Amino acid sequence: MADKVYIFDTTLRDGEQSPGASMTIAEKVEFALQLEKLKVDVIEAGFPISSQGDFDSVREVAEKVKGPIIAGLARAREADIVRCAEALKPAAKKRIHTFVATSDIHVEKKLRKSKEEVIDIAVNAVRTARKYTDDVEFSPEDASRTGKDYLCDVIEAVIDAGATSINIPDTVGYSNPWEFGNLIAYIRKNVSNIESILLSVHCHNDLGLAVANSLAAIRAGARQVECTINGLGERSGNAALEEIVMNLFVRPDVYNNVYTDIETTELFKSSRLLARLTGFDVPRNKAIVGDNSFAHESGIHQDGMLKERTTYEIMSPGDVGWIGTDMVLGKHSGRHAFKNRLKALGYTHLNEKEVEDAFRRFKVLADKKKEVFDDDIMVVIEDEVLTPEPIYALEYLHTISGSGTNLIPTATIKLRKKDETIEEASSGDGPVDAIYKAIEKIVGISGELKDYKISSVSRGKDALGEASIMVKIEEKVVHGRGTSTDIVEASAKAYLNAINKYLNTTYRKNSKSATGEV
Ligand code: KIV
Ligand code: ZN
């Protein structure tokens, strides 16, 4: 019997630590529900002691997502573990993931403890966690820079104390496939009780080797990988889930025929959903889920593909849920065609009211643009149907701009806040600047625009435009997104989206301490 490799998704914890990638609780739940459809084994939903926002989101995910195990991160301290256990209470299946650093540099310079003291801290943490659940994972942080024999001592001690999975992190992305594979083999050979637990790895991408290191570890016997969708994560990110899974899928011969339970046809949708929620775009040439992954431009390739697809394609677009962009709806499309398209796009969980709402909005859009593509429908669903009522909503917008020397760009804007409407006007360097100043006058918040991008959601001159911005409000970088067939309106919506997120109290409380501060 071939072995299963467990997929532990840490997008909502390690991925979300990426500056600017913060999500609201509702967005985290939406993403966790998608991870459930993707059939990951474990969702690490957050680091409950780091902030009230993280605590609330772990709790909410634990309440709403019942398929996968829900994990929470805790430093090797009683207060962290108790808080983590509290957040995980509603989970059907829960795991406490506790960690302490073990490399010389971390032990001496950061923890300022002796190696024996660190073993005691680790053992006590695991014992404490076991009081709350039978499923306890331990990570020796910076394992790849830890002396091998000391690392084995730590692992043996925490397994004796009750750890049920041991995770080996390449915390700073320092390792390479040869060294990391050998480290896993060494641990398997030298830790006497290792076969009683699930051996896991967690690789960072500082040298671009996170996926390669994870795969080397699987070849050497690791049976859980910690990874994130699109490789999102601090610095250069974590190992990309979709790349690891599809490597195992396409080349079982290289990996002892191990398998995962991942529903690969959900990969594309998971990737795009995360990109939309965080504003971290997927590069066109990104493996597996980039726009160009299945595009064959050169004549020789196209000729070969027409004769036999496998001449140039090692997996089919359908394997990863690439839905194709040929199917187009328009203003004459009826409810039936629309509902079928929703199903094909994976929106099977919408209730009757949401489907009706989506259909109504689709009709409004179809009146504005001739052809409605899948991406347009996804934007309508994500931004308008599944997004809760904002604090400030755009009611009216009028701008004046032009290239004449005496022309001063101005904007008049009306926002709705519950039953109240507020109007303001402002001038600026351009229409967008004028709009942002008028919005700031109304909401009383001023942000520093860090990034501003306009792109088209689908094809055609009448395509929906998407404004995606990063704005710094006080010390927090917030992502905002807005779509419209008018890019000035899309820009206004993006700024309001960022402000609404910021004003969402749980989001604001979500400023966390780094996991390294032990
Ligand atoms: O990179 C790391 O070491 C971590 C641990 C908390 C597992 O994220
Ligand atoms: Zn990490």
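The values are calculated or read from the model by the stated rules, or taken from the named source; none is laboratory data. Keep in mind that what you see is a predicted model, and the values were worked out from it rather than measured. All Cβ positions, even for glycine, are placed from backbone atoms using ideal geometry, and neighbour counts span all protein chains on display.
A single member of ILE244, ILE218 is assigned to a helix (DSSP H, G or I) and more than 28 Å from ASP153 (Cα to Cα), and it is ILE244. The lone criterion from (1) at pLDDT 90 or above; (2) surrounded by 15 or more Cβ atoms within 10 Å (Cβ to Cβ) left unmet by PHE373 is number (1). For region 232-257, name all the residues that are within 15 Å of ligand 1 (Cβ to nearest atom) and of a type in the set (Asp, Glu). Hit for region 232-257 is GLU234, nothing else. Looking across region 343-370 at every residue that is more than 18 Å from THR483 (Cβ to Cβ) and at pLDDT below 85, the one that is surrounded by the most Cβ atoms within 10 Å (Cβ to Cβ) is identified as GLY346. Selection of first residues in region 399-411 that are more than 13 Å from ALA425 (Cα to Cα) and free of Cβ contacts under 8 Å to residues at least 24 places away in the same chain and of second residues that are among the small types (Gly, Ala, Ser) and assigned to a loop (DSSP other than H, G, I, E, B), restricted to Cβ pairs under 8 Å at least 6 apart or on distinct chains, gives the following pairs, ordered by first then second residue: LEU407/SER401. Condition first: among the β-branched types (Val, Ile, Thr), within 24 Å of the chain's Cα centre (by Cα) and surrounded by fewer than 24 Cβ atoms within 10 Å (Cβ to Cβ). Can you find one or more residues in region 160-169 that meet it? There is no residue in region 160-169 that is among the β-branched types (Val, Ile, Thr), within 24 Å of the chain's Cα centre (by Cα) and surrounded by fewer than 24 Cβ atoms within 10 Å (Cβ to Cβ).
When ASP56, ASP104, ASP80 are checked against the criterion of being surrounded by fewer than 24 Cβ atoms within 10 Å (Cβ to Cβ) and farther than 30 Å from TYR347 by Cα, a single residue qualifies: ASP104. Within the option set GLY67, GLY72, GLY20, being closer than 25 Å to ILE244 by Cβ and crowded, with 24+ Cβ neighbours inside 10 Å holds for one residue only, GLY72. Applying the criterion of being in a loop (DSSP other than H, G, I, E, B) and touching a strand residue (DSSP E or B) at 6+ places or on another chain (Cβ under 9 Å) to the residues of region 326-340, the residue that is modelled with the lowest pLDDT is VAL328.
Give ALA217, ALA240, ALA210, ALA222 a once-over and let me know the one that is buried (at least 24 other Cβ atoms within 10 Å of the Cβ), within 13 Å of the chain's Cα centre (by Cα) and within 16 Å of ligand 2 (Cβ to nearest atom).
The conditions single out ALA240.
Of everything listed in (1) part of a helix (DSSP H, G or I); (2) within 28 Å of the chain's Cα centre (by Cα); (3) among the polar types (S, T, N, Q), the single unmet condition for THR128 is (2). Note on region 243-271: residues that are basic (Lys, Arg) and surrounded by 21 or more Cβ atoms within 10 Å (Cβ to Cβ) total 1. Mind listing whichever residues of region 202-252 are more than 23 Å from PRO68 (Cα to Cα) and out of contact with any strand residue (DSSP E or B) (no Cβ under 8 Å at 6 or more places or on another chain)? Within region 202-252, ASP206, LEU207, GLY208, ALA212, ALA216, ARG219, ALA220, VAL250, ARG251 qualify. Note on region 131-173: residues that are closer than 26 Å to GLY15 by Cβ and part of a loop (DSSP other than H, G, I, E, B) amount to 10.
Take THR98 and tell me if it is under 17 Å from GLU44 (Cβ atoms), in the same structural domain as PHE55 (by TED's automatic domain parsing) and hydroxyl-bearing (Ser, Thr, Tyr).
Here the answer is yes, as THR98 does meet what is asked.
One residue stands out in region 4-38 among those that are charged (D, E, K, R) and touching a strand residue (DSSP E or B) at 6+ places or on another chain (Cβ under 8 Å): the one that is nearest to ligand 1 (Cβ to nearest atom), namely ASP14.
Residue count for region 1-27 satisfying the condition of being at pLDDT 95 or above and either among the aromatic types (Phe, Trp, Tyr) or closer than 22 Å to GLY279 by Cβ (or both): 9.
Condition check ((1) touching a Gly at 6+ places or on another chain (Cβ under 6 Å); (2) at pLDDT 90 or above; (3) not in a loop (DSSP other than H, G, I, E, B)) across all residues:
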| residue | (1), (2), (3) |
| --- | --- |
| SER455 | no, no, yes |
| SER458 | no, no, no |
| ALA467 | yes, yes, yes |
| VAL478 | no, no, yes |
| GLY482 | no, no, yes |
| GLU489 | no, yes, yes |
| LYS501 | no, no, yes |
| ASN510 | yes, no, no |
